[in-house]
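Colleague: This is the structure, below, for whatever I ask next.
The values are calculated or read from the model by the stated rules, or taken from the named source; none is laboratory data. If you're wondering where the values come from, they're calculated on a predicted model, not measured in any experiment. Here Cβ is always computed from backbone atoms with ideal geometry, including for glycine, and neighbour counts include all displayed protein chains. Surface accessibility is based on the protein's heavy atoms, side chains included, excluding ligands, DNA and RNA. Shrake-Rupley method; radii C 1.70, N 1.55, O 1.52, S 1.80 Å.
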Amino acid sequence: MNTIIILTILAIVVLLLGISSKKQWLVPAIFIGLLLALVGNFLPQLLPASKTVHMLSVDSISKPFTSLMLVLTFLIFLIADHYFVVKKKTVEDVYAIILFSLIGAVILTMFTNMVMFFIGLEIMSVSLYILAGSKKTSSRSNEAAMKYFLMGTFSTGVLLLGITLIYGATGSFDLAQIGTLISSGNVMPSYLKAGILLLTIGVLFKIGAVPFHFWVPDVYHGAPTLITTYMATVVKIAGVVAFYRLYSQSFMGAKDMWTTLMAVMAVATIFVGNLSALHQDRVKRMLAYSSIAHTGYLMLALVAFDHKSVSYLFYYMVAYSVATIGVFSTLMLVRENIKEGTYSMFEGLAKRNSFLSFGMAVSLISLTGLPPLAGFMAKYLVFVQAINEGYLWLTIAAIIGTAISVVYYFRIIVAMYMKTPSDVKITLTTRSRVLLSLFILLTIALGVYPDMILNLCWCGM
Amino acid sequence: MLTLVVIFLPLLFSAILFGLRKSQIAWRIALMGALAELVVTLIAFVGFDTQNVFNYTSDLNWISRLGVNFSFAMDGISLLMVGLTATLVPIIILADSKHNPVRPGSFYGLIMFMQSALMGVFTATDGLLFYIFWEAALLPIFFIVSMWGGENRVKITLKFFIYTIFGSLFMLVALVYLYSLTPAPQSFSFQSLYALDLSLSQQLFVGLSFFLAFAVKIPIFPFHTWQPNTYVVAPMAGSMLLSGIMLKMGVYGMLRLMVPLLPEAMSQYGIYGIVLAVIGLIYASIIAINQQEVKRLIAYSSLAHVGLIAAAVLTATAGSISGAVVQMIAHGVNVVGMFMIANIFLLRTQTTQISNLGGIAAIAPRFAIFFMVVMLGSVALPLTSGFPGEFMMLAGLFAYNPYIAAVAGVSVVLGAVYMFRLYQRSMYAELKVEKFEDLDTTESVAAIIIVALILVFGLYPGFITSLAEPAINALLAYKA
């Protein structure tokens, strides 16, 4: 609750600062605001749950994920500052909308009620439609926004219908209540089945799972890279947490209605993501498909979940987000000098700036999932979970997907280290250096010592 | 403690080398590091207590909630493999003295990193740790070959990389599957995996997954297609690391994971693996006879040798396994010698085509003697290191199945054919090269060490078997 309040105030302040001429305060204000929101996340809540009619709960699931999203947004703004200075734009509107969508994302970690779920999802999505089109002069950005908007609203409709049907079956919007009703068997099965199916389709669309993934490459590619970074990290986290909350609290009693479906979708997502990524010429599109593949691995953990899997999900999200931010920030730095977006822009990067290429290599290898980096441990935890729950075949599919992914991730590494460079040297600002070192250190440290995350307080689990 | 030093000392040197500003001294620092590691290993040999199977145990908590421990120990086989690695790396660095790679700090840093990972593989007693070091050993060799290799290196190394990753990911699945079967609190330690009681179908699944991983690494026919090209494009040190040490990881993995865990599956289905290995052995030997290029010939001969080793291990009998251990050491030393010879050809004459060489024995007598000894070791002449291992393995195979042994035995003859042919055409015949400098001091040192090792192990293989046998018996006894 505190977080939502602080973020709302912050977003409005940012807008006001934009109107006034004190733009130099913009970024410091955001940093302070985000820090306050982070602190507020752990302080006693100003509004008790009863004030929100028990629609939101700040609990052991929401706290870590909210913190992660706040920290990631912080990091993205650290990059953003530089990004937008280079691109010379009015920025306060973009900044404010990012913050608004963050509010939606935060709600998605906290909801205990279908209505709040829907509201959070929409706050986040509507802001994202605008953000995807925030490069107003680029036709590709506009196209991305339009596509995302049309498909997004359509999926929202499906999702809403699903919620309605579930309400029809159970007579409640409250997640816990729906859960107990389903477990007791005191529901209308046909409505429930249709409702869960439609809801699942809606959610799968939002997290970009196959076969509802077609918007992902276009939007990731068309949107400004910074927004893509935000979508690939914060938004994905929000989607996955929302998924986890919904299914673990409400639909555990109806497991047989959706687990098989979800398992099949997970395998499809892994294969479509990885195989399509193979054929991309443009790095951003490749990363979009790789992000789809990672959604597939995450779905593995969602299919096979028990009380432990939330910490694995969290670890996965941390490892994946750190590597993703590393990759995208490198991409942005390289793009400053080179306009084309194909693999060739990485050629000879090792000689143009060895530190940058090292950071990129570490991030990519972590995304591939090779030990001893964080990405390995993340995948490994998910696999352990899946095998423990008896999904051996799912794990084997995921393993084959991982092996395929080596090809496209290593194409960049090969380009960086084994091709002759163009003569443009890249110089890094101190801030980029520090950030990159942070990403590298985190990726290695998390991989070598995963208990750092796994032993965080998961009270009440 | 000592095990941790063995693993992390090279890592420390690797870090120093990566951070090095003055690149001229990289080679010297690498050599120093490798020698320091050798000294530590020698201490381990001296202090090894044969009364216990496992020595130098260290066990630290790592990922407590998953039952993964940072645990290492050495039994006789581990110690021998550690010894092999620690001996070969300084030889490799010595033999590399003329290389002058670009960015030597990174090059030697990667070699030391590789050594560290190899040491981890050979001493880990925890399944996950084993896997992590296993993969960690792959990254440095990938970069060594793809950055300092020859023509067409990128494509070839990528193929190699994807092959091995694919195989080893299946090992991960099998390990996690075994882990999921262990009783609570679940654990990855080899001991708790060994204690599992697996049904035949479970053994078959696990065994196939392991076999895939190890068969790619060793490599066993038909998973070998990455190997000849990779050996040929790799820089000398890379070929040596790959063939001398890295493929032993595969055999070691079979010994450590398949033999004790899957006795029924091994006795029922092991024959298929053995047949594949023997097919590969004959196939590679025949191809080697027709090779026109030295490095490629070595690659195929190496493929033949490891085929026999794999077959011997898959019989899961004490005699042939200890033969396999002896041969792993012998082959490691031999193949490093062979690649050094190929590299000397390349340095002196800028070619490794056999048809361009000839008559060299007359003008480079020291080199000729060195080559002769390595070659004889490679064809398994009695009194050289190649003989005892090969003999024990064939004897073991004969007891297992005489027909297979008879076919495998042919390879010894074929081996003599291609090695003698190589020696005869490059060293005797008419002189085709204008000049050929004999071995210089550094090279001589490396050569003398290799020759000495070949002769010592040929005369006294009991040193190896006496260390290995208690460990082998222990591995076989888990399920007996």
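Colleague: If Lys and Arg each add +1 and Asp and Glu each add -1, what is the summed charge of the other residues whose beta carbon sits under 13 Å from the beta carbon of B:Thr164?
Modeller: Charge balance in the 13 Å sphere: +1.
Colleague: In units of 2.2 N^0.38 Å, what is the alpha-carbon radius of gyration of segment B:232-332?
Modeller: On the way: Rg = 14.2 Å, N = 101, 2.2 N^0.38 = 12.7 Å.
It is 1.12.
Colleague: What's the local net charge at A:Ala301, with K and R +1, D and E -1, over the other residues with C-beta under 12 Å away?
Modeller: Surrounding charge for A:Ala301 is 0.
Colleague: May I pose another question? Compute the relative contact order of chain B as a whole-number percentage, counting only Cα pairs closer than 8 Å that sit 6 or more residues apart in sequence.
Modeller: Dividing the mean separation by the residue count of chain B yields 16 percent.
Colleague: What full-extension length gain, to one decimal in nm, is calculated for A:Trp393 and A:Thr430 as 0.36 nm per residue of separation minus the Cα-Cα distance?
Modeller: Value of the extension gain: 8.6 nm.
Colleague: Another question about this same structure. Would you mind calculating the relative contact order of chain A from Cα pairs under 8 angstrom and at least 6 residues apart, reporting the percent as a whole number?
Modeller: Computed over chain A, the figure is 13 percent.
Colleague: Related question: At 4 °C and a viscosity of 1.567 mPa s, what translational diffusion coefficient does Stokes-Einstein give for segment B:243-295, taking Rh as the Kirkwood radius over Cα pairs? Give it in µm²/s as a whole number. Provide the component values of the computation, followed by the final result.
Modeller: Numbers: Rh = 13.2 Å.
So the translational diffusion coefficient is about 98 µm²/s.
Colleague: Next question. Using the structure shown, select from A:Lys63/A:Lys308; A:Lys51/A:Lys193; A:Lys308/A:Lys379; A:Lys193/A:Lys308 the pairs with a Cα to Cα distance greater than 21 angstrom.
Modeller: A:Lys51/A:Lys193; A:Lys193/A:Lys308
Colleague: Here is a follow-up. Taking a cut-off of 18 Å, what percent of all Cα-Cα pairs in segment B:338-425 are separated by more than that?
Modeller: Percentage above 18 Å: 51.
Colleague: Would you kindly calculate the mean projected area, averaged across all directions, of the convex hull enclosing the Cα atoms of segment A:257-461, in square nanometres?
Modeller: If you wrap the Cα atoms of segment A:257-461 in a convex hull and average its projections, you get 11.7 nm².
Colleague: Let me ask another. Hey, which aspartates and glutamates would be in cross-link range of A:Lys22, C-alpha to C-alpha under 14 Å, not counting anything within fewer than 8 residues on its own chain?
Modeller: A:Glu92
Colleague: List the pairs from B:Lys22/B:Lys159; A:Lys339/A:Lys419; B:Lys155/B:Lys432 whose alpha-carbon separation is above 29 Å, in the order I gave them.
Modeller: Over 29 Å apart, Cα to Cα: B:Lys22/B:Lys159; B:Lys155/B:Lys432.
Colleague: May I ask for the Rg/Rh ratio of chain B, computed from Cα atoms with Rh as the Kirkwood radius, given to two decimals?
Modeller: Ratio of gyration radius to Kirkwood radius: 0.95.
Colleague: Using only C-alpha positions, report the orientation-averaged shadow area of the convex hull of the protein assembly as shown, nm², one decimal.
Modeller: 38.8
Colleague: A further question on this structure: Between helix B:294-314 and chain B, what is the angle of the helix's C-alpha long axis to the longest principal axis, kept within 0 to 90° and rounded to the nearest 10?
Modeller: With both axes taken from Cα atoms, the answer is about 30 degrees.
Colleague: Could I ask something else about it? In whole Å, what is the distance between the alpha-carbon centres of segment B:410-480 and segment B:172-239?
Modeller: About 28 Å separates the Cα centre of segment B:410-480 from the one of segment B:172-239.
Colleague: Follow-up question, since we're still on this one. Rank B:Leu88, A:Leu442 by accessible area, highest first, at a 1.4 Å probe radius? Display every interim value, and only then the final one.
Modeller: Working: B:Leu88 0, A:Leu442 55 Å².
Per-residue accessible area, sorted high to low, gives A:Leu442, B:Leu88.
Colleague: If you wrap a convex hull around the alpha carbons of segment A:98-170, what volume per residue comes out, as a whole number of Å³?
Modeller: 60
Colleague: Then there is this: Just how large is the dipole of the protein assembly as shown about the Cα centre, in debye to the nearest 20, putting +1 at every Lys and Arg Cβ and -1 at every Asp and Glu Cβ?
Modeller: 2440
Colleague: Relative to the longest principal axis of chain A, what angle (0 to 90°, nearest 10) does the C-alpha long axis of helix A:283-303 take?
Modeller: Helix A:283-303 sits roughly 30 degrees off the main axis of chain A.
Colleague: I would also like to ask the following. Taking N as the number of residues in segment B:441-480, what is its Cα Rg relative to 2.2 N^0.38 Å?
Modeller: 1.79
Colleague: On the first, second and third principal axes, largest extent first, how far apart are the outermost C-alpha atoms of segment B:262-475 in Å?
Modeller: 60, 33, 23
Colleague: Could you please state, rounded to a whole Å, how far the C-alpha centre of segment A:387-436 is from the C-alpha centre of segment A:297-348?
Modeller: Measuring centre to centre over Cα atoms gives 9 Å.
Colleague: May I pose another question? Can you report the principal axis dimensions of chain A using only the alpha carbons, biggest first, rounded to whole angstrom?
Modeller: 71, 56, 43
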